[in-house]
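Participant: Provided herewith is a single structure, encoded as structure tokens, for subsequent inquiry.
Taken together, the values in this text are just the output of simple stated rules run on the coordinates, not laboratory data. No experiment lies behind these values; they were computed from the predicted model shown. In this analysis, Cβ positions are derived from the backbone assuming ideal geometry, glycine residues included, and neighbour counts consider all displayed protein chains.
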Amino acid sequence: MPRMSEADKRKSHERIIDAAAHLFRSDGIGATSVSDVMQAAGLTQGGFYRHFSSKEALVAAAFERSANELLNKTRGKTERQKRADFIAKYLSLAHVQNAGQGCPFAANGAEVTRFGEGVRSEAADAIGRISSMLGGAEKPGDDDGIATLALLIGTITLARLAQSDADATRIIDVGRDAVRRLDAATP
């Protein structure tokens with residue numbers, strides 16, 4: 001059997017991370033096995049350890065990918081436009097209904113707290129990057145960005161618990177209003 005080229009190995013590695021990022025957010029980290037991830041990536045389970053030392057290493061890589069995807073969806077020429085676009089996309093019924101494509105904090109935050117330093121460090125880095133963008137160009141990384149991120153995560157989490165789209169939409173609307181009030185209170 002011919003050896004896999006480095007380019008093919010890298011493509012497989014990326015497919016594994018993509019599959020894990022989606023499955024962990026949609027199904028949960030604990031409920032998703034390495035076998036599930038490898039099957040979704042179109043690879044055999046036996047090849048997993050050629051790419052990752054453990055499931056925890058995969059969780060860290062998938063969390064980073066999920067956070068990057070979230071930030072990369074932001075559009076706008078100015079920091080203010082990017083922030084507004086991020087909040088509009090985040091606080092949407094589409095985000096509520098598509099956890100597998102959404103925020104890793106809202107989908108996996110509680111599970112991530114049970115992992116070791118590598119995963120928690122990745123989550124902390126993502127908090128810093130996202131809250132910095134939410135804090136705005138004038139005050140990157142300030143407490144307002146963290147407060148906004150916490151508000152967004154809480155809103156989506158509650159909206160996902162709603163029993164109907166109408167209830168979820170109401171929760172999203174309340175979350176949007178709370179972000180506006182937070183912004184208005186910021187000097």
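Participant: Which ones in region 87-108 are among the aliphatic types (A, V, I, L, M) and touching a Lys or Arg at 6+ places or on another chain (Cβ under 6 Å)? Don't jump to the end; show me each part of the working.
Facilitator: Within region 87-108, the first condition is being among the aliphatic types (A, V, I, L, M), and the residues that meet it are 87-88, 91, 93-94, 96, 99, 106-107.
Hits for region 87-108 are Leu91, Val96, Ala99, Ala107.
Participant: From the set of residues in region 33-59 that are out of contact with any Lys or Arg (no Cβ under 9 Å at 6 or more places or on another chain) and more than 15 Å from Ser12 (Cβ to Cβ), which is surrounded by the most Cβ atoms within 10 Å (Cβ to Cβ)? Reasoning before the result, please.
Facilitator: Here is the first cut: in region 33-59, the ones out of contact with any Lys or Arg (no Cβ under 9 Å at 6 or more places or on another chain) are 35-36, 38-39, 44-47, 49, 52-59.
Remaining after also requiring more than 15 Å from Ser12 (Cβ to Cβ): 35-36, 53-57, 59.
Working: Ser35: 11, Asp36: 16, Ser53: 10, Ser54: 13, Lys55: 17, Glu56: 15, Ala57: 15, Val59: 26.
In this case the residue turns out to be Val59.
Participant: If you don't mind, there's one more thing I want to ask. Please state which of the following conditions Phe115 fails to meet, knowing it meets all the rest: (1) in a helix (DSSP H, G or I); (2) in contact (Cβ under 8 Å) with a residue 24 or more places away in the chain; (3) surrounded by 13 or more Cβ atoms within 10 Å (Cβ to Cβ); (4) more than 14 Å from the chain's Cα centre (by Cα).
Facilitator: (1)
Participant: Which of (1) outside any helix (DSSP H, G or I); (2) under 25 Å from Val59 (Cα atoms); (3) not charged (D, E, K, R) does Ile146 not meet, given it meets every other one?
Facilitator: Failing condition for Ile146: (1).
Participant: Looking at Gly175, Gly109, Gly135, can you tell me which residue is under 15 Å from the mean Cα position of the chain (by Cα) and surrounded by 13 or more Cβ atoms within 10 Å (Cβ to Cβ)? Don't jump to the end; show me each part of the working.
Facilitator: Details: Gly175 fails: under 15 Å from the mean Cα position of the chain (by Cα); Gly135 fails: under 15 Å from the mean Cα position of the chain (by Cα).
So the residue among Gly175, Gly109, Gly135 that is under 15 Å from the mean Cα position of the chain (by Cα) and surrounded by 13 or more Cβ atoms within 10 Å (Cβ to Cβ) is Gly109.
Participant: Within region 7-59, how many residues are of a type outside the set (A, V, I, L, M) and in a loop (DSSP other than H, G, I, E, B)? Full working, then the answer.
Facilitator: Start the filter on region 7-59 by keeping residues that are of a type outside the set (A, V, I, L, M), which leaves 8-15, 18, 22, 24-28, 30, 32-33, 35-36, 39, 42, 44-56.
Retained after the next criterion (residues that are in a loop (DSSP other than H, G, I, E, B)): 28, 30, 32-33, 42, 44, 51-54.
Number satisfying all stated conditions: 10.
Participant: So, Arg83, is that one over 13 Å from the mean Cα position of the chain (by Cα), of a type in the set (D, E, K, R) and closer than 21 Å to Ala31 by Cα or not?
Facilitator: Details: over 13 Å from the mean Cα position of the chain (by Cα): yes; of a type in the set (D, E, K, R): yes; closer than 21 Å to Ala31 by Cα: no.
When the stated conditions are applied, Arg83 does not pass them.
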